Every structure is written in structure tokens, then in C-alpha cells.
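The values are calculated or read from the model by the stated rules, or taken from the named source; none is laboratory data. Keep in mind it's a predicted model, so treat the numbers as computed, not measured. When we count neighbours, we look across all protein chains shown, and the Cβ atoms used for this are built from the backbone with ideal geometry, even at glycine. To get the accessible areas, we keep the full protein, side chains included, count just its heavy atoms, and leave off ligands, DNA and RNA. Shrake-Rupley method; radii C 1.70, N 1.55, O 1.52, S 1.80 Å.
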Amino acid sequence: MGIVVVGSINTDLVTITPRWPEAGETLLADGFAVLPGGKGANQAVAVARLGGSVQMVGRIGDDGFGRDRLNGLRAAGVDVSHVRISPGVASGVATILVEANGENRILCVSGANALVTPEDVDPALLDAADLVLLQLEIPAATVAAVIARCGAKVLFNPAPVAPVDPAWLRGLGYLVANRIELAQLTGRPTGRMDEVVAAARRLVRQGVGVVIATLGADGAMLVTSERVAHVEAPVVQAVDTTGAGDAFIGCFAQTLVATGDLDAALVRAVRYAAVSVTRRGAQDSYLDAAALAGLEGFGP
Ligand code: RIB
């Protein structure tokens with residue numbers, strides 16, 4: 001049936017800056033853009049752009065940002081029939097600073113995303129899904145309810161990182177986290193590759209089937225109870241890393257559902273995320289399948 005994303009929909013207010021301003025300092029920036037974002041919506045758009053069937057469950061407010069996001073998701077090929085509108089509430093926004101080296105700092109105001117309840121999620125939709133994508137930009141109670149119903153076919157992205165109920169991890173299908181999230185979830189260092197593997201193994205011992213650490217320029221590490229696989233990232237010139245993790249997850253999910261091949265999904269997702277950082281924005285940086293395939297010789 002395809003992929004269901006239960007998650008956030010944001011408008012990203014992006015400022016390009018030569019450096020981070022100090023406290024109390026005013027700085028002249030290099031550019032500004034209003035772009036589609038939200039971890040849930042980003043992941044859904046990546047799936048759709050690569051040709052996957054995807055349904056979005058979430059909430060927007062009854063404002064211009066929300067209407068623009070809904071239209072944008074529809075235009076990208078995401079089924080938005082399960083996106084609800086909360087009257088009198090603002091849609092989610094994220095203030096994003098992108099520095100010259102492509103690194104970002106993000107502040108989210110949840111708005112309508114904070115009103116996504118377990119009742120918003122149709123159980124029949126979950127039961128019919130091949131894979132369900134979850135992040136932490138909607139209430140924990142909703143995340144918990146979805147995991148309780150269909151944990152084995154859930155891909156959970158604990159971002160922005162927050163305390164996770166150990167019960168969520170028992171029987172969870174997939175967990176995808178970056179170094180910082182992995183460290184905070186496990187209370188372990190993740191600076192070195194062996195430390196990443198040890199932290200991921202801890203989550204596997206707690207009941208997760210497949211743990212993937214996304215490592216930016218260092219690629220990605222997959223850890224299960226049986227094996228460890230590391231995929232190197234191609235060397236690229238990053239201009240904006242916003243939404244790279246979402247690109248990875250959308251591509252991984254779409255490829256896994258289409259092929260059933262975990263390793264192929266990992267390799268393609270590393271590649272897809274690497275391309276995304278060479279382009280500005282989150283959803284705006286996601287290629288379609290033909291453009292991705294056309295990047296011949298682009299590793300790994
Ligand atoms: O992961 C990137 C996203 O995080 C941005 O699009 C922003 O909206 C925040 O949700």
C-alpha cells in the first residue's frame with residue numbers, strides 16, 4: 001500500500017549568514033527564503049519525489065503558511081487526505097540559520113503540529129501501510145500510540161531528540177538517528193566509529209531490529225543483532241545541510257519498500273542525502289529518481 005508519515009509540517013524561515021551572531025550582536029546576513037519544511041513533510045516529499053506512494057498524517061493551522069504547505073505537498077505527489085486543519089491555530093514554523101559552510105541551527109515553533117492526537121491517525125491506514133515513518137515534532141502520546149499498534153513496521157527518527165520510553169524500542173522495526181541523537185538516547189559517546197557501533201548495539205539489545213546512524217560526511221552505519229555495515233558518503237561541497245537526515249530517511253524508506261533490499265536502501269540513501277546538502281533548502285534540495293540515477297559516478 002505504501003508509506004505513511006505521521007509527523008510535522010512546517011514553514012522554514014531561512015536566513016543565510018556568514019557566521020552565527022553573538023548575543024546582543026546585529027549582523028548583516030546574505031539572504032533569506034521562505035521554504036517548505038518540517039521533518040515529517042520533508043520525509044514524505046522525499047518518498048514521493050522518488051516515486052513512492054505516501055500518505056501524510058498531520059495538522060496545519062488555518063493560515064497562509066498552512067495552505068501553502070498543503071498545496072506544496074499535494075503538488076509533490078503526497079496524499080494529504082489525512083492532514084487536518086486546526087482553526088484559530090498557527091501552522092508550524094522553523095527559524096533556520098544556515099552558515100557559510102552549510103551547517104544549520106534550527107528553532108521550531110510547533111503550532112498545529114502540537115495538536116496531532118492519536119485519534120488523528122486512522123488505524124486502518126496504519127494496518128494497510130508497508131512502513132510508517134515517525135519523528136518527534138508531534139506529541140509523544142501520538143508517537144507512542146502508533147508504535148504500540150505497528151512497531152515492527154515503524155521507522156522511528158528520534159528528532160529533535162527527547163527522552164524515549166524504553167517500551168517504544170521493544171519490537172521497533174527501524175531507528176534512524178544522527179550522532180547527537182544516538183549519544184543522547186543511549187548516554188554513550190558517539191565520536192568514534194567503534195563508539196557509534198557500541199551505542200547502536202545497545203539499542204538493538206533494547207529491542208530495535210535495525211539501527212542506522214547517519215554520520216554526515218562519514219556516511220551511515222547499519223547495526224542489527226547479526227551484522228554491522230558501514231557505507232561511505234561521497235565527497236561533496238555542502239551549501240546547506242538542512243533536511244539531509246530527512247532526505248536519507250525518505251530515500252531509505254522508499255527504496256526499502258520498493259526493493260526489500262536493506263543494503264541497497266542504505267547505499268542509495270547515503271547518496272541521496274549527500275546530493276541534498278549541495279542544494280539549498282530541505283524539500284527543495286530533493287532530486288527525483290531520474291535525476292538521482294543521472295548522477296553517474298557519484299559515489300559511494
Ligand atoms: O530536519 C529539518 C527540518 O527540521 C526543517 O525543515 C525544519 O522545519 C525542522 O522541522
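Okay, here's what the table says:
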item: Amide H within-cut-off set for L136, under 5 Å, with H built and near neighbours excluded; result: A159
item: Segment D62-F32, length gained on full extension (0.36 nm per residue, minus Cα span); result: 8.4 nm
item: Within the chain, helix-based [θ] at 222 nm, where runs of 4 or more DSSP H residues each add -39,500 (n - 2.57), nearest 500; result: -10000 deg cm²/dmol
item: Per-pair calculated FRET efficiency, R0 = 25 Å: I180 and V236 via Cβ, rounded to 0.05; result: 0.75
item: Approximate spin-label separation T259-R105, in nm, with each point projected 7 Å along Cα-to-Cβ; result: 3.9 nm
item: Protection proxy ranking of 9-16, 141-148, 119-126 - average other beta-carbon atoms within 10 Å, highest first; result: 9-16, 141-148, 119-126
item: Heavy-atom SASA rank of V54, V34 (probe 1.4 Å, accessible area, largest first); result: V34, V54
item: Cα-centre dipole for the chain with unit charges at Cβ (Lys and Arg positive, Asp and Glu negative), debye to 20; result: 480 debye
item: Given charges at beta-carbon only (K, R positive; D, E negative), |dipole| of segment 6-154 in Debye; result: 260 debye
item: Top positive-direction residue, dipole computed over segment 104-205 with Cβ charges, set V121, G151, A199; result: A199
item: Inter-label distance for T117 and E195, nm, one decimal - labels placed 7 Å from Cα along Cα-to-Cβ; result: 4.3 nm
item: Rounded to the nearest 10 Å², the accessible area of F248 at probe 1.4 Å; result: 10 Å²
item: Inverse of mean 1/r across different Cα pairs in the chain, Kirkwood, Å; result: 19.1 Å
item: Largest-first ordering by accessible area, 1.4 Å probe, given options M193, M1; result: M1, M193
item: Accessible-area ranking of R271, R19, R201, R170, largest first, probe 1.4 Å; result: R170, R201, R19, R271
item: Accessible-area value, L115, 1.4 Å probe, nucleic acids and ligands omitted, Å²; result: 80 Å²
